[in-house]
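The values are calculated or read from the model by the stated rules, or taken from the named source; none is laboratory data. The structure presented is a predicted model; accordingly, all values stated were derived computationally and were not measured. Please note: Cβ atoms are built from the backbone with ideal geometry, for glycine as well, and neighbour counts cover all protein chains shown.
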Amino acid sequence: MNYLRIGLLLCLYSSVSSQEYGNYATIERSLLLRDVALLHQGLDKYHTGMYWYTPKDSVELAFREATLQISKDLNALAFHKIIAPLVALSREDHTNIFLPESIEEKMKVEAKFLPITVVFLGRELYLLRNASGVDKNLEGRKILSINGTPVEEIVNNIGNLFASDGYIKTVKYNDLRGFEFAKHYYYFYGNVSEFKVAFEEETITLEPLSRSSIRQNLLERYGKASKQRAPGQSLEFQILNDSTAYLGLHTFSNSTIRENKVHQNLNSFLENSFKKIAQRRIQHLIIDVSKNGGGNEGNENLVFSYLGKNYQKYKKVKAKTQSAILDNGTDPPIKLKTFGFLERTFANRKMQDGSYERRDNLGFGLQAYKKQPRYPFNGKLYVLISPITYSGGSELANMIFTNQLATFIGQETGGGYLGNTSGYGQELTLPHSKITIDIPALQFVMNVDDRIPRGRGVIPDHLVIPTFQEYVDGRNAALEFALTLIEK
């Protein structure tokens, strides 16, 4: 049993009653307990990978302890702090939890935030934009602690409020970039009277501000620079020199790819790119999936078909059930469904325990790909990865890694090496708190070797973390390292 994990949860729960979030309506304790019962059933009955990393008895213990912590009426934010770690026990980043829109709107008035945006480079926290009333150049300075709590401890606390694949830590830090750090700090610590931010050089006290004040300060201080850059092309191909080419695959989402000004179809983009690689006799290919968070299933297979021999990609693809009924004995039952009729009937087979497993002869199947392309690549391959490399992006990295086809450069992937639980899923909205949980249904168990510790992502051969200046300048430090490696 994972007693250390449960101990962390108890520490979370013990501080719930002391949080001051603002003037939010409370929900009766009895109604919150009914919501907890539905959440427990939803994760247990429908989430196929719920117990992949966290044993069932540990999850049940955590739910029992959580119900004990609901000893009085709570508002939605205090309730969220109790149940979010329960959702995170799935250790699956496709399992998400969302506050109701009404709370998000009220937070604009009631919530006071840390008035900065940040970026983690590795595990080091840097101030990216200063939105406070302190007129001082703070950009690029490393933060050591806030209100006396070291940054690593803060991340451990607020990182329990959302899931990541397996035991991957890099994604926890990465997901707290920008304003997400301040938002999740509020979710965990509530409103605080001041922020004593300790930098390497000095400690500066910042006044908590509303979100509207933060936006206004960013606009006045940075102008248009405070806004996000317009997205670039999600597919890129460049011949870098006589022997080296670059293939940037920044998404596997077909809808996003169709929005490109050029390269609006992945299949034709790959065929044209690899044809040029063959014609130019390129010997070194750099594939960049460091920004690829996934997309449509099968696109990772299409890319792999140019790189390696066909093999069985998945050990199995499984759904725990076709239909789960959630019933707390009082509220109307909630039904969660998985497949449509055709896929349930023809692409999957029903097992004796009531689960469904994918057949290998119809639909996507279990193999790496369906067809060998005309222009396979046989040269030296380098793959750029990061904590953003996730879902289909990480599956491509997993396939290349387990077949030992490339040198990996960057940081550990955010997606798990063993696979993930994603695909079909359902939104479960708890009837009384109105908190919504995305619960995925399909467990994709990848056919990989055992060179990576259980619960981790692909670990690079060469760890490359950009400096703060490289980050703000938009430089691709991993690509620069790859080119240096090739040159040597």
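Brief remarks on what is shown
- All positions within the range 228-273 that are closer than 16 Å to Ser305 by Cβ and either of a type in the set (Ser, Thr, Tyr) or crowded, with 17+ Cβ neighbours inside 10 Å (or both): Leu247, Leu249, Phe252, Leu266, Ser268, Phe269, Leu270, Ser273
- If you filter the range 118-151 down to residues that are among the acidic types (Asp, Glu) and in contact with a strand residue (DSSP E or B) (Cβ under 9 Å, 6 or more places away or on another chain), you find that the one that is farthest from Ile204 (Cα to Cα) is Glu124.
- Extreme residue, farthest from Gly166 (Cα to Cα), among residues of the range 63-88 that are touching a strand residue (DSSP E or B) at 6+ places or on another chain (Cβ under 6 Å) and part of a helix (DSSP H, G or I): Ala84
- The one condition in (1) at pLDDT 95 or above; (2) under 15 Å from Phe162 (Cβ atoms); (3) in contact with a helix residue (DSSP H, G or I) (Cβ under 6 Å, 6 or more places away or on another chain); (4) part of a helix (DSSP H, G or I) that Leu12 fails to fulfil: (1)
- Under the condition of being crowded, with 19+ Cβ neighbours inside 10 Å and not charged (D, E, K, R), the residues counted in the range 189-211 number 7.
- Any hit, the range 344-355, residues being within 17 Å of the chain's Cα centre (by Cα) and touching a residue at least 12 places away in the same chain (Cβ under 8 Å): no
- Picking from residues in the range 176-188 that are in a helix (DSSP H, G or I) and touching a strand residue (DSSP E or B) at 6+ places or on another chain (Cβ under 9 Å), the one that is surrounded by the most Cβ atoms within 10 Å (Cβ to Cβ) is Phe181.
- Residue list for the range 154-191, filter: modelled with pLDDT of 95 or more and of a type in the set (Val, Ile, Thr): Ile154, Val155, Ile158, Ile168
- The set of residues in the range 274-322 that are within 26 Å of Arg258 (Cβ to Cβ), part of a loop (DSSP other than H, G, I, E, B) and among the small types (Gly, Ala, Ser) comprises Ser290, Gly293, Gly294, Gly298, Ser305.
- Ile204 vs. criteria touching a residue at least 40 places away in the same chain (Cβ under 8 Å), touching a strand residue (DSSP E or B) at 6+ places or on another chain (Cβ under 6 Å) and farther than 27 Å from Asn96 by Cβ: yes
- The range 91-139, residues that are among the basic types (Lys, Arg) and touching a Lys or Arg at 6+ places or on another chain (Cβ under 6 Å): Lys108
- Complete set of residues in the range 457-471 that are part of a loop (DSSP other than H, G, I, E, B) and in contact with a Phe, Trp or Tyr (Cβ under 7 Å, 6 or more places away or on another chain): Gly457, Val458, Pro460, Asp461, Val464
- When residues of the range 26-65 are limited to those that are of a type in the set (Val, Ile, Thr) and crowded, with 16+ Cβ neighbours inside 10 Å, the one nearest to Gln443 (Cα to Cα): Thr48
- For the residues Gly474, Gly455, the requirement of being more than 30 Å from Tyr311 (Cα to Cα), out of contact with any strand residue (DSSP E or B) (no Cβ under 9 Å at 6 or more places or on another chain), surrounded by fewer than 18 Cβ atoms within 10 Å (Cβ to Cβ) and not polar (S, T, N, Q) singles out Gly474.
- Contact map, the range 400-415: first residue assigned by TED's automatic domain parsing to the domain that holds Thr389, second residue part of a loop (DSSP other than H, G, I, E, B) and basic (Lys, Arg), Cβ cut-off under 8 Å, separation 6 or more or different chains; pairs are Phe401/Arg451; Thr402/Arg451; Asn403/Lys309; Glu412/Arg456.
- Answer residue from the range 472-488, given it is part of a helix (DSSP H, G or I) and without any contact (Cβ under 8 Å) to a residue 24 or more places away in the chain and is nearest to Tyr417 (Cα to Cα) among those: Ala477
- Answer from Tyr306, Tyr382, Tyr356 - the residue that is buried (at least 18 other Cβ atoms within 10 Å of the Cβ) and out of contact with any strand residue (DSSP E or B) (no Cβ under 6 Å at 6 or more places or on another chain): Tyr306
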